[in-house]
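Taking it in order: structure first as structure tokens, then the write-up.
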Amino acid sequence: MIARIFLFGVVSFLAITQNAAAQAIKPYRIGVILPGGPLYGVLEGTREGLRELGLREEKQFKLTIRETQSDVRVAEETARYFETEKFDLIYALATPTITAAQAATAKLPIVFCIGSDPVAAGLVKGFAKPGGRLTGVHFLVRDLTAKRLEVLKEIIPKLGRVVTYYDPGNRVSADGAALAREEAKRLGINLIERHVASVEELRDELQSLKAGDTDGFLFSPDPRVGGQSQLIIETAKAKRLPTMFHEQNLVAKGALASYGQNYHEIGRLLAKYIQRVLNGADPKDMKIETVETVELAINLKTAKELGVGIPPQVLARAKKVIK
């Protein structure tokens, strides 16, 4: 009888101890900062990637998401809050957001998703050895600006005027616009550049745009403009303007075409970086990977609505076709 009581006591003690230990294991806290728009596709890809790696949301990790609408002050305040509250890492998307997060914090590791050269931006020392507390994935947004215009010209051979919106105070956006300007000159296209320093200015510019002012829209690498992609698509369709974007999910939402990279797959790749940092890897030694696969997407339904015939040679190159 005494032995049974002793055994019961041991079992109960072990059960209580295990339960307490389980309660003591808290999920990792990941602070997400992004401007909004198509970059949510990257975030959803990361969620999927983390699930594939065996990490369950709300159990092993929690995401606290803050959309900044490309306001640098919001990004800085949010990053500062994440560090003060001792989050495990910051996950930052888009160059201005990453730069703000780095400037506002001192110790917290940052995993990033960046569409321009992180070395040229002064965020890391090198791709092979970042050398600090930042690492992540580099993909091609700015560098494809000229090619987007070239493809749009292939789709619409008579293309004469193209409008693009960007903030000249954003170095990456200004560099992208310069690439578009050079390509427009080569192709004999009049590039209409509209400077917008806020979402309100962009909306005003879109509202004032008249049918006949331009033959199409070209996306320049500006996070603020990207965050308003759906508004641009709807405005352009109402004014019968073909649109060339950077992300294929926008084609599914009504854009005529995109030439760029798959944001969802980029997000899945980033999940591995997040897992490694959470497991104790030092960002300074984690090689920054560049995603080089580029895809063309076409929306035939939108093309029909706009009266645009897609040349067979262009359609044959499309990775994704919306009918």
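When peptides 167-179, 59-71, 195-207 are ranked by their average number of other Cβ atoms within 10 Å per residue, the highest-first order is 167-179, 59-71, 195-207. Electrostatic bookkeeping for Pro311 treats Lys and Arg as +1 and Asp and Glu as -1; over the other residues with beta carbon under 14 Å from its beta carbon, the sum is +1. Seen from Ala106, the other residues with C-beta closer than 11 Å to its C-beta sum to a net charge of +2, counting Lys and Arg as +1 and Asp and Glu as -1.
Can you work out the PRE-style zone for Lys86? Point 7 Å along Cα to Cβ, and I want the residues of region 259-288 with backbone N under 18 Å. Residues 278-280 fall inside that zone.
The value given for region 78-172 is a Kirkwood hydrodynamic radius of 15.3 Å, derived from the mean inverse Cα-Cα separation. With a cut-off of 11 Å between beta carbons, the residues surrounding Ala121 carry a summed charge of 0, where Lys and Arg count +1 and Asp and Glu -1. Averaging the Cα positions of each part gives two centres, and for region 110-162 and region 249-307 these lie 12 Å apart. Positive-end ranking of Leu187, Leu206, Asn170 along the dipole of region 160-229, with charges on Cβ about the Cα centre, is headed by Leu187. In the elastic network of the chain, a GNM with C-alpha springs shorter than 10 Å, the most mobile of Ile155, Ile232, Ile25 is Ile25. Measuring r between the beta carbons of Phe127 and Arg171 and using R0 = 22 Å, the FRET efficiency lands at 0.70. Put a plus charge on the Cβ of each Lys and Arg, a minus charge on the Cβ of each Asp and Glu, and nothing anywhere else: the dipole of region 47-99 about its Cα centre is then about 140 debye. By the rule of a C-alpha distance below 17 Å, with chain neighbours fewer than 8 residues away ignored, the aspartates and glutamates paired with Lys62 are Glu44, Glu48, Glu52, Glu83, Glu85, Asp88. What is the percent carbon and sulfur in the accessible area of the chain, measuring with a 1.4 Å probe over the protein chains and ignoring ligands? The C+S portion of the solvent-accessible surface of the chain is 53 percent. Annotation: Cα Rg of region 35-135 relative to the compact-globule expectation 2.2 N^0.38 Å equals 1.06.
Using a ≥ b ≥ c from the Cα gyration tensor of region 234-323 (square roots of the eigenvalues), is it rounded, prolate or oblate, where a/c under 1.5 gives rounded and otherwise the larger of a/b and b/c decides, a/b for prolate? Because a/c hits 1.5 or more and a/b exceeds b/c, region 234-323 counts as prolate.
Accessible area per residue for the chain is 48 Å², calculated with a 1.4 Å probe on protein heavy atoms, without ligands, DNA or RNA. With N the number of residues in the chain, Rg(Cα) / (2.2 N^0.38 Å) evaluates to 1.19. Would you look at the GNM of the chain, springs on alpha carbons closer than 10 Å, and say which of Lys284, Lys210, Lys129 moves the most? Sorting by GNM fluctuation, first place goes to Lys210. For the residue pairs Lys158/Lys304; Lys239/Lys301; Lys147/Lys287; Lys86/Lys125; Lys237/Lys301; Lys86/Lys284, alpha carbon separations beyond 22 Å are given by Lys147/Lys287; Lys86/Lys125. Between Leu231 and Ala103, residue separation times 0.36 nm minus the direct Cα-Cα distance comes to 42.9 nm.
Relative to the Cα centre, the charge distribution of region 87-217, modelled as +1 at Lys and Arg Cβ and -1 at Asp and Glu Cβ, gives a dipole magnitude of about 380 debye. Estimated from helical segments only, the mean residue ellipticity of the chain at 222 nm is -13500 deg cm²/dmol, where each DSSP H run of four or more residues counts as -39500 (n - 2.57).
Helix screen, the chain: DSSP H segments with Cα axial length of 20 Å or more and mean Kyte-Doolittle hydropathy at least 0.5 are 2-24. Rg and Dmax, both from the Cα atoms of region 150-276 and both in Å, are 15.1, 52.
The values are calculated or read from the model by the stated rules, or taken from the named source; none is laboratory data. All of these numbers come straight from a predicted model, not from anything done at the bench. Using ideal geometry, Cβ is built from the backbone for each residue, glycine included, and neighbour counts are taken over all protein chains shown. Note: accessible area is taken over every heavy atom of the protein model, side chains too, but ligands, DNA and RNA are not part of it. Shrake-Rupley method; radii C 1.70, N 1.55, O 1.52, S 1.80 Å.
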